[in-house]
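In what follows, a single structure is set out as structure tokens and then discussed.
The values are calculated or read from the model by the stated rules, or taken from the named source; none is laboratory data. Note that the structure is predicted; figures quoted are calculated from it, not measured. Reconstructed Cβ throughout: ideal geometry from the backbone, glycine too, with neighbour counts over all protein chains shown.
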Amino acid sequence: MRKRDYRKKQIGNRQLAPETQMMGYGYDPMLSEGSLKPPIFQTSTFAFSSAEEGKGFFEIAYGKREAAQGEEPGLIYSRINNPNLEIVENRLTLWDNAEMALVFSSGMAAITTSMMAYLRPGDVIVHSEPIYGGTEYLIRNILPEYGIKSVGYLAGTGEDTLSPTLEKAAKLGRVSVIYGETPANPTNQLLDLDLMARCAAAHGETHGHRPVTMVDNTFLGPLWQQPGRHGIDITLYSLTKYVGGHSDLVAGGAIGSYEILNPVKGFRTIFGTQSDAHTSWLLMRSLETLKVRMERAAENARIVAEFLREHPKIKTVNYLGFLEPGSPLKDIFDRQCTSAGSTFTFDVIGGEAAAFAVLNSLQVIKLAVSLGGTESLMEAPYSMTHSDVPDDVKDRLNITPATLRVSVGIEHADDLVADLAQALG
């Protein structure tokens with residue numbers, strides 16, 4: 001029988017596109033009775049063929065020796081590795097052309113595990129503002145309990161803000177992590193990823209310790225933006241959102257180099273924050289349709305945003321497709337993004353009462369948090385996803401009671417416009 005290359009990336013001189021590789025990369029059907037799709041390996045532990053084999057597996061898993069040329073890490077226990085987990089991690093590297101991916105039980109598990117792998121008592125984390133409410137709570141309320149300080153800087157600003165912020169933070173302790181979220185949740189403000197990488201390198205040269213850069217890429221990734229291509233060390237995801245894409249699972253991801261992610265993987269093994277086999281299988285299913293779903297949602301979002309921009313009851317629409325040509329943010333967008341995506345915010349004239357009236361009148365769009373699913377969702381960040389962010393911080397970051405966040409799905413765009421028209425009416 002012809003030996004199959006189950007990690008094939010090209011045919012002759014042609015490099016296969018990620019959406020093609022999603023249909024089979026990292027899986028050989030002949031290893032599973034010819035099953036076209038990977039079975040769900042619903043097992044907690046794996047049998048060894050010999051004691052010597054088990055010893056060798058543990059040596060590699062716990063870093064006691066490097067794997068030999070062509071040697072695959074053996075299966076031990078599903079907290080350490082599982083076939084479903086390994087296959088989906090292989091496929092997650094493809095869009096970013098990264099060396100390694102790790103999948104977690106949630107987006108917050110990915111963020112927390114990655115941060116804890118690199119932060120120590122007395123360290124400082126520099127982070128952009130605004131960020132997702134759960135991440136903001138972790139940085140503001142939990143990390144200080146472990147002696148870790150934080151300094152924020154405003155998304156959408158340049159080197160004249162980030163460099164002084166890093167110097168300010170260095171006076172408080174060792175700056176170990178620069179964390180960002182772009183586009184920012186929920187305002188859609190952008191970070192200059194190349195600038196973040198340059199500032200991290202410059203800080204390392206000046207202070208003798210280069211901070212690890214981490215970016216939450218949930219809103220646009222992995223199709224429309226790849227932070228790793230701009231020098232970012234760890235790209236983070238709530239895989240619950242676009243990658244999962246069906247509002248039926250919770251998972252997170254971290255993507256980067258072997259060198260940077262190996263400490264994170266070690267922490268994941270001990271913390272037990274890995275994804276389970278069934279969720280990993282669901283993610284594999286979703287990755288096969290990721291591109292067509294994100295393309296359709298992005299086109300729908302453009303139509304919805306254009307409708308809202310012209311509506312007399314809408315004050316502002318924070319849609320990336322409306323960035324002013326020649327502006328600094330449009331320059332960032334053109335350099336690092338290939339689409340405006342399908343999640344954005346808009347402000348309703350009339351404050352919270354008017355915004356709630358819209359939410360309560362929806363008939364097609366669902367009133368729910370989360371984003372990136374096949375169905376369209378809408379929520380009020382001020383009182384929902386960002387409710388635990390102090391009100392004065394939300395006010396400073398222009399997140400108001402009149403702000404609504406919409407995640408546009410793959411329904412017919414005309415139906416979504418009709419729903420918004422009647423709700424605004």
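The set of residues in the range 95-116 being part of a helix (DSSP H, G or I) and either surrounded by 22 or more Cβ atoms within 10 Å (Cβ to Cβ) or in contact with a Ser or Thr (Cβ under 7 Å, 6 or more places away or on another chain) (or both) consists of Trp95, Asp96, Gly107, Ala109, Ala110, Ile111, Thr113, Ser114, Met115. Considering the range 219-239, the residues that are part of a loop (DSSP other than H, G, I, E, B) and small (Gly, Ala, Ser) include one that is farthest from Leu283 (Cα to Cα), namely Gly231.
Being of a type outside the set (A, V, I, L, M) and touching a Phe, Trp or Tyr at 6+ places or on another chain (Cβ under 8 Å) is the filter here, so list the residues in the range 171-212 that pass it. Working first, answer last.
From the range 171-212, those of a type outside the set (A, V, I, L, M) are 171, 173-174, 176, 179-183, 185-189, 192, 194, 198-199, 203-211; that's our starting set.
Selection gives Ser176, Glu181, Thr182, Pro183, Asn185, Asn188.
Annotation: Gly326 fulfils all but one of (1) assigned to a loop (DSSP other than H, G, I, E, B); (2) closer than 18 Å to Pro186 by Cβ; the unmet one is (2). Scanning the range 329-354 for residues that are crowded, with 19+ Cβ neighbours inside 10 Å and touching a strand residue (DSSP E or B) at 6+ places or on another chain (Cβ under 6 Å) turns up Thr343, Phe344, Thr345, Phe346, Asp347.
Of everything in the range 366-389, what is of a type outside the set (A, V, I, L, M), surrounded by fewer than 21 Cβ atoms within 10 Å (Cβ to Cβ) and either free of Cβ contacts under 8 Å to residues at least 40 places away in the same chain or within 25 Å of Leu287 (Cβ to Cβ) (or both)? Give them in sequence order. If you could, list the steps in order and put the result at the bottom.
Let us first name the residues in the range 366-389 that are of a type outside the set (A, V, I, L, M), namely 366, 370, 372-376, 379, 381-383, 385-388.
Filter once more, so that each one left must be surrounded by fewer than 21 Cβ atoms within 10 Å (Cβ to Cβ): 366, 370, 374-375, 383, 385, 387-388.
Result: Lys366, Ser370, Thr374, Glu375, Ser383.
Residue by residue through the range 177-217, note down the ones that are hydroxyl-bearing (Ser, Thr, Tyr) and in contact with a strand residue (DSSP E or B) (Cβ under 7 Å, 6 or more places away or on another chain). Write out each step before concluding.
So the first thing to find is which residues in the range 177-217 are hydroxyl-bearing (Ser, Thr, Tyr), and the list is 179, 182, 187, 206, 213.
Residues satisfying the conditions are Tyr179, Thr182, Thr187, Thr213.
Condition check ((1) crowded, with 21+ Cβ neighbours inside 10 Å; (2) out of contact with any Gly (no Cβ under 7 Å at 6 or more places or on another chain)) across all residues:
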| position | (1), (2) |
| --- | --- |
| Ser275 | yes, yes |
| Val292 | no, yes |
| Arg296 | no, yes |
| Leu320 | yes, no |
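Contact map, the range 14-43: residues that are farther than 16 Å from Asn90 by Cβ paired with residues that are modelled with pLDDT of 90 or more and not aromatic (Phe, Trp, Tyr), Cβ distance under 6 Å, separation 6+ or inter-chain. Pairs shown: Ile40/Ala277; Ile40/His278; Gln42/Ala277.
Looking for whichever is in a strand (DSSP E or B) and crowded, with 18+ Cβ neighbours inside 10 Å here; the options are Thr213, Thr187. Which one fits?
Values: Thr187 fails: in a strand (DSSP E or B).
Only one candidate passes the filter, namely Thr213.
Every listed requirement among (1) under 15 Å from the mean Cα position of the chain (by Cα); (2) under 22 Å from Thr289 (Cβ atoms); (3) of a type in the set (A, V, I, L, M, F, W, C) is met by Ile87 save one, (1).
Taking the range 92-125, which residues are of a type outside the set (Val, Ile, Thr), closer than 16 Å to Gln274 by Cβ and out of contact with any strand residue (DSSP E or B) (no Cβ under 8 Å at 6 or more places or on another chain)? Explain how you work it out, then say what you get.
We begin by selecting, within the range 92-125, every residue of a type outside the set (Val, Ile, Thr); these are 92, 94-102, 104-110, 114-123.
Restricting the remaining residues to those that are closer than 16 Å to Gln274 by Cβ gives 92, 100-102, 104-110, 114, 116-117.
Selection gives Met116, Ala117.
Against the test of being touching a helix residue (DSSP H, G or I) at 6+ places or on another chain (Cβ under 9 Å) and within 30 Å of Ile142 (Cβ to Cβ), the options Val389, Val348, Val364 yield a single qualifying residue, Val389. Going by the conditions given, is Glu99 within 18 Å of the chain's Cα centre (by Cα) and of a type in the set (Asp, Glu)? Considered against the rule, which asks whether it is within 18 Å of the chain's Cα centre (by Cα) and of a type in the set (Asp, Glu), Glu99 comes out as yes. Annotation note: of His278, His246, the sole residue that is in a loop (DSSP other than H, G, I, E, B) and modelled with pLDDT of 95 or more is His246.
Specify the residue that is surrounded by the fewest Cβ atoms within 10 Å (Cβ to Cβ); the eligible residues are those in the range 127-139 that are under 24 Å from Gly266 (Cβ atoms) and not small (Gly, Ala, Ser). If you could, list the steps in order and put the result at the bottom.
Let us first name the residues in the range 127-139 that are under 24 Å from Gly266 (Cβ atoms), namely 127, 134-135, 138-139.
Now restrict to residues that are not small (Gly, Ala, Ser): 127, 135, 138-139.
Values: His127: 25, Thr135: 21, Leu138: 19, Ile139: 21.
Only one residue tops the list, namely Leu138.
Kindly evaluate Ile142 against the criterion of being within 22 Å of the chain's Cα centre (by Cα), more than 20 Å from Leu287 (Cα to Cα), assigned by TED's automatic domain parsing to the domain that holds Glu181 and surrounded by fewer than 20 Cβ atoms within 10 Å (Cβ to Cβ). When the stated conditions are applied, Ile142 passes them.
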